[in-house]
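The structure appears below as structure tokens.
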Amino acid sequence: MPQVPLNLYLELSAVLFIIGVIGFLLRRNPITMLMAIELMWNAGNLAFIAFARNFIDMSGQVFAFLVITVAAAEAAIALAIVVMVFRRRENADVDDISVMRG
Amino acid sequence: MPDPAWTYVLIFFVVALVVASLIAIVPGIFTKKRPTPEKLEPYECGVPPTSAMLGRFPVRFYLVAMLFVVFDVEAASFYPWAVRLRDLGGFGLLEMVAFIVVLGIGYAYVWKKGGFSWR
Amino acid sequence: MTIQGVNFDFGILGPISVLVITGLVVLLVDLVGRAVPRVVLYGIGVAGCAGAFIALAPLYGRSATTVNGAFATDRFSWGFSAVLIFTLAVTLLLSSLRNADDGNSPASYAALLIFCTIGGLIMAGATTLIGIFLGIEELSLALYVLAGTGYPRPASEEAALKYVLLGSLASGFLIYGSALLYGSAGSVSLSALSAAASSLPLLFVIGFGLLLVGLAFKLALSPFHLWTPDVYEGSPIAITAYMTVAVKAATFAVLARFVYTVFGHDSVALVPLWLLAIFSMLVGSFGALRQRNLKRLLAYSSIAQAGFMVVALSGVGEYGLSSLLFYLVAYALMNLGAFAVIAMLGDGDEAYADIDAYRALFYRRPWVAVALTLFLFSLAGIPGTAGFYGKVLLLEQGFAGGPWGIALALALIAGSIVSIYVYFQVVWAMFVPQEGEQPVTAGNSWLTWVPVAVGVAGVVALGVIPQVFVSIVSSSM
């Protein structure tokens, strides 16, 4: 079976990361922004796994594993906060959620 | 001196940035927006929705889902231990017991605070 | 002791272990007991801090690693850990005020604060990218929740939302940067990265750039500071105090370790860091000028202070680290002191966030006004206070550190001059007599007098006999 070269993994992860950043910057719905962030985190995971495979080294996989567990905790906390904000307001557009200025 | 073998990574970053920005921005400039009621439906072709989706779910659903996500993924931490069970031996067992104790205290805390009760 | 090829030194892990147990005990006490009073839970927390200090004390001046070199106690970790534990104790005391955590479960509040600090301690001792990531996440995740604990106030939930969104974005940069650094070195340990740093392959440069963006977000270095004023203003006062000191202490521990181990503190790759620092000093100082809310003012000031502290890293030799630590200790004392005063006057409420509430404070609460004046003077760097000597040390480092160091030192001077005016406005308001209606000041709890008194004593001591503390700090390394 032909090996997929490292470059392709890295390129894919770079694209995912940048889509995540742009998604975060363009979207104004907190849930969508969180999805964009998850994309960035998982782009990092992909790069880690690709490098770990390339170096035949476990630490990259360990890192990716920890990122996945932390991402779950982070998603739970972020969603809890979003729900807390939603309950008080009709919409949850981040531009509208602002009582503080300056 | 940067390693030239990685230069293409930089080039790719730039290309990805440009392409992704174009995809995001260009349609907004060139399209004419002529919304019709059908186009504004959540699913443009398909069965008409029976009720407004803007209604709210009870917050309980979110709570259960969030707790599920956390405990589900933390359970994945058992996996590395499981595949190396024999090599890790008693030490691995102790480590996992410590992990379970910490997780268990969190679980008991959520339980006591009523996180699992539907009412 | 070595188990299964992994060596463990529970002495080095001592402070963390003590705090982990404390956090769990707090939760268990609340679980078992019925309506446990808040003071008991926070008291357990403060006792845990004392225990962690006792566990930390034997590590003074020691340099060793454990868990196969993944966690260390050394010159980078000791002082920062001490500041973190101290900050935790002060924050718990401030949180015990009547209005500080209304409507929240005090046990989970205290436990989250303790877990935050554990994250900070992990950051201070971590010698691998994995440890740094875990520490940062543990610190941040708990803080996202704590920022929202002022729940009935809309500003608090807004702060939590902004913090969690931008904090996670920063973590995304951090993870991707770590991945590229790992790819450039083939290992997650910082010592392996220093080999890559000497030749600066492109992958390393991009990776370090992304990592720096992530850390700058957490440190609130300009231009990544945009979340800071809102989050600091919206969070409950005790949490704001904690954020301004603990997050900076932990992140600076990581940054210092990174700069010294990976680059040996002199590399062209660090130029972005110097630029961020110069930016922060100016943006923070000028941004503070037009603030009418004291929490917001201190938020901008903390942006500038983070920039000041970077100057220490620009110097040459081991002395840079000890001046960073000296300044950090001074900053912790004066900033926590100032926040303790704000919290005390409003009894944990937000009533005393506005500058107008401080008009003629001297004639109502003379001692409190004097203490706040001392803290603000120290933040501004008036001679005779801790902040002044700290800035002298930083300037020494800057002027010894080549063209970038000099640029940083000049920015520090400019920022300080502006900030003197900023703080003087507040002091002026306190000492000018005023007729008519006066805001009510809450009764003072002795629990908040403790951090204020410690802050006053520390600021004066560090200002009057700084050499003693410099030698204590230096020999901890």
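Got at least one residue in region C:197-206 being buried (at least 24 other Cβ atoms within 10 Å of the Cβ), within 16 Å of the chain's Cα centre (by Cα) and closer than 28 Å to C:Ala179 by Cα? Within region C:197-206 (the criterion being buried (at least 24 other Cβ atoms within 10 Å of the Cβ), within 16 Å of the chain's Cα centre (by Cα) and closer than 28 Å to C:Ala179 by Cα), the answer is no, since none of the residues qualifies.
Any residue at all in region C:212-232 that's surrounded by 24 or more Cβ atoms within 10 Å (Cβ to Cβ) and more than 17 Å from the chain's Cα centre (by Cα)? Within region C:212-232, not a single residue is surrounded by 24 or more Cβ atoms within 10 Å (Cβ to Cβ) and more than 17 Å from the chain's Cα centre (by Cα). Candidates are the residues of region A:55-68 that are more than 7 Å from chain C (Cβ to nearest Cβ) and on the phi < 0 side of the Ramachandran plot; the one that is surrounded by the fewest Cβ atoms within 10 Å (Cβ to Cβ) is A:Met58. Considering C:Ser184, C:Ser267, C:Ser171, C:Ser178, the condition of being touching a residue at least 12 places away in the same chain (Cβ under 8 Å) and closer than 24 Å to C:Leu84 by Cα is satisfied by C:Ser171 alone.
Of everything listed in (1) surrounded by fewer than 24 Cβ atoms within 10 Å (Cβ to Cβ); (2) more than 28 Å from the chain's Cα centre (by Cα); (3) farther than 17 Å from C:Tyr260 by Cα, the single unmet condition for C:Ser184 is (1). Across region A:1-27, the number of residues qualifying as of a type outside the set (S, T, N, Q), more than 11 Å from chain C (Cβ to nearest Cβ) and in a loop (DSSP other than H, G, I, E, B) comes to 4. Of the residues A:Ala78, A:Ala71, A:Ala52, A:Ala36, the single one that is facing another protein chain (nearest Cβ under 7 Å) and either surrounded by fewer than 19 Cβ atoms within 10 Å (Cβ to Cβ) or part of a helix (DSSP H, G or I) (or both) is A:Ala78. Looking at region C:171-241, the helices (runs of 4 or more DSSP H) lying wholly inside it that each contain 3 or more residues that are under 30 Å from C:Ala159 (Cβ atoms), within 13 Å of chain A (Cβ to nearest Cβ) and of a type outside the set (Lys, Arg) sit at C:202-219, C:228-234. Considering every residue within region C:298-318, establish whether at least one is over 16 Å from C:Leu408 (Cβ atoms), among the aliphatic types (A, V, I, L, M) and buried (at least 24 other Cβ atoms within 10 Å of the Cβ). Within region C:298-318 (the criterion being over 16 Å from C:Leu408 (Cβ atoms), among the aliphatic types (A, V, I, L, M) and buried (at least 24 other Cβ atoms within 10 Å of the Cβ)), the answer is yes, since at least one residue qualifies. Would you call C:Gly415 at pLDDT 85 or above and crowded, with 19+ Cβ neighbours inside 10 Å? Answer is yes for this residue. The lone criterion from (1) outside any helix (DSSP H, G or I); (2) crowded, with 24+ Cβ neighbours inside 10 Å left unmet by C:Arg290 is number (2). Among the residues of region A:1-17, which ones are crowded, with 24+ Cβ neighbours inside 10 Å and without any contact (Cβ under 8 Å) to a residue 24 or more places away in the chain? None - no residue of region A:1-17 is crowded, with 24+ Cβ neighbours inside 10 Å and without any contact (Cβ under 8 Å) to a residue 24 or more places away in the chain, so the list stays empty. The single condition among (1) assigned to a loop (DSSP other than H, G, I, E, B); (2) closer than 24 Å to C:Ser77 by Cβ; (3) among the β-branched types (Val, Ile, Thr) that C:Thr149 does not meet is (2).
Output yes when any residue across region C:348-361 is in a helix (DSSP H, G or I), crowded, with 23+ Cβ neighbours inside 10 Å and within 16 Å of the chain's Cα centre (by Cα), and no when none is. Checked region C:348-361: no residue is in a helix (DSSP H, G or I), crowded, with 23+ Cβ neighbours inside 10 Å and within 16 Å of the chain's Cα centre (by Cα). State whether one or more residues within region C:384-393 are modelled with pLDDT of 85 or more, under 23 Å from C:Leu275 (Cβ atoms), hydrophobic (A, V, I, L, M, F, W, C) and touching a helix residue (DSSP H, G or I) at 6+ places or on another chain (Cβ under 8 Å). Yes: one or more hits. Hey, does region C:10-20 have a residue that's of a type in the set (A, V, I, L, M, F, W, C), out of contact with any strand residue (DSSP E or B) (no Cβ under 9 Å at 6 or more places or on another chain) and without any contact (Cβ under 8 Å) to a residue 24 or more places away in the chain? Scanning region C:10-20, I find no residue that is of a type in the set (A, V, I, L, M, F, W, C), out of contact with any strand residue (DSSP E or B) (no Cβ under 9 Å at 6 or more places or on another chain) and without any contact (Cβ under 8 Å) to a residue 24 or more places away in the chain, so the answer is no. All of (1) surrounded by 14 or more Cβ atoms within 10 Å (Cβ to Cβ); (2) closer than 21 Å to B:Gly106 by Cβ; (3) modelled with pLDDT of 80 or more hold for C:Ser105 with one exception: (3). Assess whether C:Ser191 counts as being touching a residue at least 12 places away in the same chain (Cβ under 8 Å), small (Gly, Ala, Ser), more than 24 Å from C:Leu297 (Cα to Cα) and buried (at least 24 other Cβ atoms within 10 Å of the Cβ). Spelling it out, it is not the case that C:Ser191 is touching a residue at least 12 places away in the same chain (Cβ under 8 Å), small (Gly, Ala, Ser), more than 24 Å from C:Leu297 (Cα to Cα) and buried (at least 24 other Cβ atoms within 10 Å of the Cβ). B:Leu67 meets the conditions (1) modelled with pLDDT under 75; (2) not in a loop (DSSP other than H, G, I, E, B) in every case but one. The failed one is (1). Taking every residue in region B:6-17 that is closer than 14 Å to C:Val205 by Cβ and modelled with pLDDT under 75 and pairing it with any residue that is acidic (Asp, Glu) and part of a helix (DSSP H, G or I), at least 6 positions away or on another chain, the pairs with Cβ-Cβ distances below 9 Å are B:Val9/A:Glu11. Would you say B:Arg60 is part of a helix (DSSP H, G or I), out of contact with any Gly (no Cβ under 7 Å at 6 or more places or on another chain) and either more than 30 Å from B:Val97 (Cβ to Cβ) or at pLDDT below 70 (or both)? When the stated conditions are applied, B:Arg60 passes them.
Just one of (1) within 23 Å of B:Leu103 (Cβ to Cβ); (2) crowded, with 24+ Cβ neighbours inside 10 Å; (3) in contact with a Gly (Cβ under 8 Å, 6 or more places away or on another chain) fails for C:Thr117. It is (3).
From the list C:Leu161, C:Leu165, the one residue that fits, being surrounded by 24 or more Cβ atoms within 10 Å (Cβ to Cβ), of a type in the set (A, V, I, L, M, F, W, C) and either within 19 Å of C:Gly43 (Cβ to Cβ) or within 9 Å of chain A (Cβ to nearest Cβ) (or both), is C:Leu161.
Okay, residues lined up against (1) without any contact (Cβ under 8 Å) to a residue 12 or more places away in the chain; (2) at positive phi; (3) in contact with a His (Cβ under 8 Å, 6 or more places away or on another chain); (4) facing chain A (nearest Cβ under 8 Å):
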position: B:Tyr62; (1), (2), (3), (4): yes, no, no, yes
position: B:Phe68; (1), (2), (3), (4): yes, no, no, no
position: B:Phe71; (1), (2), (3), (4): no, no, no, no
position: B:Ala76; (1), (2), (3), (4): yes, no, no, yes
position: B:Pro80; (1), (2), (3), (4): yes, no, no, yes
position: B:Val83; (1), (2), (3), (4): yes, no, no, no
position: B:Leu88; (1), (2), (3), (4): yes, no, no, no
position: B:Gly92; (1), (2), (3), (4): yes, no, no, no
position: B:Val97; (1), (2), (3), (4): yes, no, no, no
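Yes/no matrix, rows are residues, columns are (1) under 21 Å from the mean Cα position of the chain (by Cα); (2) in a helix (DSSP H, G or I); (3) touching a residue at least 24 places away in the same chain (Cβ under 8 Å):
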| residue | (1), (2), (3) |
| --- | --- |
| C:Ala35 | no, no, no |
| C:Leu41 | no, yes, yes |
| C:Gly79 | yes, yes, yes |
| C:Ile118 | yes, yes, yes |
| C:Leu121 | yes, yes, yes |
| C:Ile130 | no, yes, yes |
| C:Leu134 | yes, yes, no |
| C:Leu139 | yes, yes, yes |
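The values are calculated or read from the model by the stated rules, or taken from the named source; none is laboratory data. If you're wondering where the values come from, they're calculated on a predicted model, not measured in any experiment. All Cβ positions, even for glycine, are placed from backbone atoms using ideal geometry, and neighbour counts span all protein chains on display.
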